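First up is the structure itself, then whatever we jot down about it.
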Amino acid sequence: MAFDLGQMMEQMMGSIGGNSGSSSNGGGDSSKGVVYDVAIVGYGPAGGVMATLLAEKHGLNVCIIDPNLEKRWIPNYGVWVEEWEALDKDLQIGLGDCLDLTWDVTDSFFGGSHGVPADERCRTNRAYARVSRDKMQANLKARLSAAGVRKIKGRVDAKTVEHSAEGTTMCLDDGQQINCRLVVDSSGHFSELVERVGEHNPGVQIAYGVEVEVKDGHAPYDENAMLFMDYRTDYVDKSELSEEESKELDGTPTFLYAMPMGEAPNGRRRIFFEETSLVARPPISFDLCKERLYRRMKHHGIEITKVMDEEFCYIPMGGSMPVLTQRVVALGGASGLVHAATGYMHVRMLAASGGVARAIASELKKGGPGASEAAARRAYQALWPSKAKLQRDFHVFGGEFLMAQQAPVLRGFFNGFFKLPISVWAGFLSGYPNLPYNELHQTWQGRFGFGLQFFFKLAPAVQFQLALAGALSGWQYGLIAAVSPLAAVEDAKDLKFDSEVEAIRSAAATAASAAGEGGDSDDQGDSDDRGKVSGKGEGGVADATKELVAV
């Protein structure tokens, strides 16, 4: 067999000591036998962040695969400034330069039920921001280029994905073969590569958004505040509705979310409005959200003079988890990271990314038999430790409760929620390790205390509905284990994790040894040699060179 020794050594040194420029010089051509450390499927924020961390911070040889590499990222992301600053400090990838607009306060309106006046404003003194998708995309693009990440245009054919002891091979829709030690799937909610546990039947958040210019501002809303939620239904005169329409208004609740964006060049005010169905199964229609948004505008006398952009947001929430023992590592929408009661995912993905990247890099750099499988297991352990899984169960129950309620109950629910101290409710909204205030929710005692404190902030009618849901479905959706000593059963699994990874490596070493003793075919020898090169750790460069020369 013939090998390009120079190119193989360049790839090997990249895996050991850093990227070494191999991919920026056109590396990754499978016809030349190049093996990537990590192939990332999907170039959205999750894929871009993970590729940046693995290549820039850990020196791995990375490629990123997407059929639309240069497509502008679509969603608008809203974040709490406190969380964004914490992530910027943790990840060190320039997130602080990616905010577009900030507001010092947020407003909500939950009046019209449970004795709360319709015009009562709930103000939160916690800064909110809009992420500039363009700044973030440009920032990551520059970092990926500097780190030597190879971008490959194409779509992975899920039927061609094959795992071996050395790594994974897969083909793109144009027939190109990709060889890598590990696959990270960041292709989104509808991944074809990630296996899930059981039936996947999530609720769905639907939102219709529109960035507009308005004639005279957007009163009665404050020009200097971000509008977080307006759950009122008084924008419709129910006497003008049919019985069916009136029932739908309360039975299919939506709320308005709005970001004042300052003055346009022509002197008009720019606003981003979004009418949102928090979570429903089945999802409501975009048309209904759009109709309600414009009815609100008309009711408040807000005159839209120009539509600059539209957004159609579809976010599956809850549903089943990925199988945590599989070889494809999920991140982003494919990983179950969406907060099952709020729809937030962007900051949760960022909060998970640093630990997942460290786990992957640590195991791949150790090398040796079983490195690829061990890296996948470590990545999932970093993504979903027991404390995060238990919090997710708590959120899933919350999402199921919310999607079953009518508008009056939701108004009472959130009116009570935001009467809690910020340190208490903020931890529930973040709901993931490494985010501010989350430590108050990471134990069953903390979650139980939160639930008890929250319960007594609610109107009696809402208390009744919440207690009923807990009694009827608390066990089904994991609530009971999340807020009781039963959580210790899940926590105990983490204590056994290191031994599980060692067992993976031990079994792989035994299999490799057996194959080495008994494998005498040319094909087997080729497979073993490629595994030795891609599996090298911090030492053994000279030995690897001898092996290649001998072949």
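Some observations on this one:
- Filter result (over 22 Å from GLU400 (Cβ atoms) and modelled with pLDDT of 95 or more) within segment 202-221: TYR208, GLY209, VAL210, GLU211, VAL212, GLU213, VAL214, TYR221
- Qualifying residue in segment 135-149 (condition: closer than 22 Å to GLU211 by Cβ, touching a residue at least 24 places away in the same chain (Cβ under 8 Å) and of a type in the set (Lys, Arg)): yes
- First in segment 463-482 and in a loop (DSSP other than H, G, I, E, B), second anywhere and of a type outside the set (Phe, Trp, Tyr) and surrounded by fewer than 20 Cβ atoms within 10 Å (Cβ to Cβ), Cβ under 6 Å, 6 or more apart: GLY474/ILE480
- The set of residues in segment 265-286 that are under 20 Å from THR102 (Cα atoms) and crowded, with 16+ Cβ neighbours inside 10 Å comprises ARG268, ARG269, ARG270, ILE271, PHE272, PHE273, GLU274.
- Considering only residues in segment 480-506 that are in contact with a helix residue (DSSP H, G or I) (Cβ under 7 Å, 6 or more places away or on another chain) and basic (Lys, Arg), the one that is nearest to GLY368 (Cα to Cα) turns out to be ARG505.
- Restricted to helices (runs of 4 or more DSSP H) entirely inside segment 403-459, those with at least 3 residues that are closer than 20 Å to ALA481 by Cα and of a type in the set (A, V, I, L, M, F, W, C) are 444-455.
- Some residue of segment 380-397 being in contact with a strand residue (DSSP E or B) (Cβ under 6 Å, 6 or more places away or on another chain) and buried (at least 23 other Cβ atoms within 10 Å of the Cβ): no
- Hits in segment 140-183 (condition: part of a loop (DSSP other than H, G, I, E, B), of a type outside the set (Gly, Ala, Ser) and under 19 Å from ASN68 (Cβ atoms)): VAL149, ARG155, ASP157, ASP173, ASP174, GLN176
- When segment 186-215 is limited to residues that are assigned to a loop (DSSP other than H, G, I, E, B) and among the charged types (D, E, K, R), the one that is surrounded by the fewest Cβ atoms within 10 Å (Cβ to Cβ) turns out to be GLU199.
- Subset tally (residues that are part of a loop (DSSP other than H, G, I, E, B), buried (at least 24 other Cβ atoms within 10 Å of the Cβ) and either touching an Asp or Glu at 6+ places or on another chain (Cβ under 6 Å) or at pLDDT below 95 (or both)) for segment 319-335: 0
The values are calculated or read from the model by the stated rules, or taken from the named source; none is laboratory data. Only a predicted model underlies this, so the values are computations on that prediction, with no experimental measurement involved. All Cβ positions, even for glycine, are placed from backbone atoms using ideal geometry, and neighbour counts span all protein chains on display.
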